[in-house]
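Report on one structure; see the data block that follows.
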Amino acid sequence: MALLPSVAAGSMHGAVVPIATAIGNGTSTSAIVFSNIPQIYQDLYLVIYSLQSGAGSLIIDNFNLDGDANSNRSYTKLQGDGSSATSGRVTSTTTISLTPGYSTGSSTIPTTAQVHILNYANTSTYKTLLSRVAADANGSGTTFLNVGMWASTSALSAFQISTASANYFTANARISLYGVRTVNQ
Amino acid sequence: MSMFPIATAQGNGSSAIFFNNIPQNFTHLQIRILGRGGTSSTSSNLYHNINAGGSTYSNHQLYGNGSSAGSSYNTALLYLFFGTAFPAASSTANIMGAFIIDWLDYTNTNKYKTCRVLGGNDQNGSGLVQLSSGLIQTTGAITSFFVDTEGSFTTTTTVQLYGIQSSPTTGA
């Protein structure tokens, strides 16, 4: 797994500033960790192009590298699978699934996700994330919305994106993390 | 595409949050809200008005409430209305709701204005996620707006406004 630091983050002009990009190594990487996240932005924005060795979920977890020891995550989801729309919820869990589960995940057909984590450095509020996921497989697939909550007032300084079911990210998988700055940042 | 911060605001617990004199030199606007309502309930709604106007507003919602998916719409409103948007005073402390609103081609004076909304809140047992649209039937450029909720936004609420540029070369 290659983790590429951003360049010249201090000389940015726009609001969306690249922080880091990770690429799967095609053999063994089932979790990509983003750590030491700069605390100087308003929001975080994650763009995921996922290709994994087999079907399975795409997960965000290990907040602040707690080893998923805390069941203080929950999420509410909305899914369309081509024939119906459904909604579900998972409470008091250790991970937040960004996809419906085993209906997605492939080494050839990508799952794409955009994840917004608002006010991630704030130490007064719990953290809320919004994600929008697309995975179309020419006759199957899903589109998926998710609102997730990490019940912690700690600033978010690290997390990981991982595959389930012992899959690994292929060499064409790419995950980019951006900071979204506001005025005076 | 380049996005630039325009302004930021916080809730004060007593009034709506206004943005005025919006620059007219961008192509699109994006509003990013992390909010919580002050009303004595476990949820509050988002109200969104443009140019302090009474024009005809309408919107559609596609939502999931954790047990079922649904869709709804509103017409002939004096503001855009997005239901069950934020936690409120009776919710567990510190839980917030998030909304991202995109207004496209907001300075164009030849067509009505439309927005795309992604938002939701999860309260570990309740909450709602939604993908919504909004329409205001005015051709006027968007120069100001407010966002509000029942009981007003708490002081932990933050609202960010961004402008999104097009490429002068390609228009992309």
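No value in this document is a laboratory result; all are computed from the given coordinates. It should be emphasised that the depicted structure is a prediction, and the values quoted were computed from it without experimental measurement. Cβ placement follows ideal geometry from the backbone for every residue including glycine, while neighbour counts extend to all protein chains displayed.
Can you list the residues, at least 5 places off or on another chain, whose amide H is less than 5 Å from the amide H of A:Leu98, using H built in the peptide plane?
Hits under the 5 Å cutoff: A:Leu58, A:Ile59, A:Ile60.
Mind checking the dipole of the protein assembly as shown: about its Cα centre, +1 per Lys or Arg Cβ, -1 per Asp or Glu Cβ, Debye to the nearest 20? Mind dumping the intermediate values first?
Numbers: 12 positive and 11 negative charges, 45 e Å.
For this selection, approximately 220 debye.
For chain A, set up a Gaussian network in which alpha carbons nearer than 10 Å are linked by springs, and say which option among A:Ser71, A:Ser83, A:Ser28 fluctuates the most.
A:Ser83
Note the full-extension length gain between A:Thr112 and A:Ser165 as 0.36 nm times their separation in residues minus their Cα-Cα distance, in nm to one decimal. Could you put the intermediate results ahead of the total?
On the way: separation 53, 0.36 × 53 = 19.08 nm, distance 1.87 nm.
Extra length from A:Thr112 to A:Ser165 when fully extended: 17.2 nm.
Could you check the spin-label model distance between B:Thr39 and A:Asn138? Points 7 Å from the Cα along Cα→Cβ, value in nm.
5.0 nm
For segment A:79-148, just say rounded, prolate or oblate: build the C-alpha gyration tensor, square-root its eigenvalues into a ≥ b ≥ c, call rounded for a/c under 1.5, and beyond that prolate if a/b exceeds b/c, oblate if not. Mind dumping the intermediate values first?
On the way: a/c = 2.47, a/b = 1.94, b/c = 1.27.
Cα axes put segment A:79-148 in the prolate bin.
In nm, give the distance between the simple-model label positions of B:Ala7 and B:Thr75, each being 7 Å from the Cα along the Cα-to-Cβ direction.
Inter-label distance under the simple model: 3.4 nm.
Taking the Cα atoms of the protein assembly as shown, report the difference between the largest and smallest coordinate on each principal axis, in whole Å and largest first.
That gives 58, 47, 43 Å along the principal axes, largest extent first.
Report, in debye and to the nearest 20, how large the dipole of segment A:17-180 comes out about its Cα centre when Lys and Arg carry +1 and Asp and Glu carry -1 on their Cβ.
Details: 6 positive and 6 negative charges, 26 e Å.
So the magnitude is around 120 debye.
Using a Gaussian network model of chain B with C-alpha springs under 10 Å, which one of B:Ser15, B:Ser55, B:Ser72 is most mobile by mean-square fluctuation?
Looking only at B:Ser15, B:Ser55, B:Ser72, the biggest GNM fluctuation is shown by B:Ser72.
Identify, among B:Asn121, B:Leu77, A:Ser107, the residue whose Cα sits farthest towards the positive end of the charge dipole of the protein assembly as shown, taking +1 on the Cβ of Lys and Arg and -1 on the Cβ of Asp and Glu, with the dipole about the Cα centre.
After comparing all options, I get B:Leu77.
How much of the pair distance distribution for segment A:17-180 lies past 29 Å, counting alpha-carbon pairs only, in percent? Don't jump to the answer; show the numbers that get you there.
Numbers: 1714 of 13366 pairs.
Of the Cα pairs, 13 percent sit more than 29 Å apart.
Rounded, prolate or oblate for chain B? Axes are the square roots of the Cα gyration tensor eigenvalues, ordered a ≥ b ≥ c, and the cut-off for rounded is a/c under 1.5. Write out the running numbers ahead of the final one.
On the way: a/c = 1.73, a/b = 1.54, b/c = 1.12.
Because a/c hits 1.5 or more and a/b exceeds b/c, chain B counts as prolate.
For segment A:38-106, rounded, prolate or oblate, judged on the Cα gyration tensor with a ≥ b ≥ c (square roots of eigenvalues), a/c < 1.5 rounded, else prolate if a/b > b/c? Intermediate values should be presented prior to the final figure.
Working: a/c = 1.64, a/b = 1.43, b/c = 1.14.
Cα axes put segment A:38-106 in the prolate bin.
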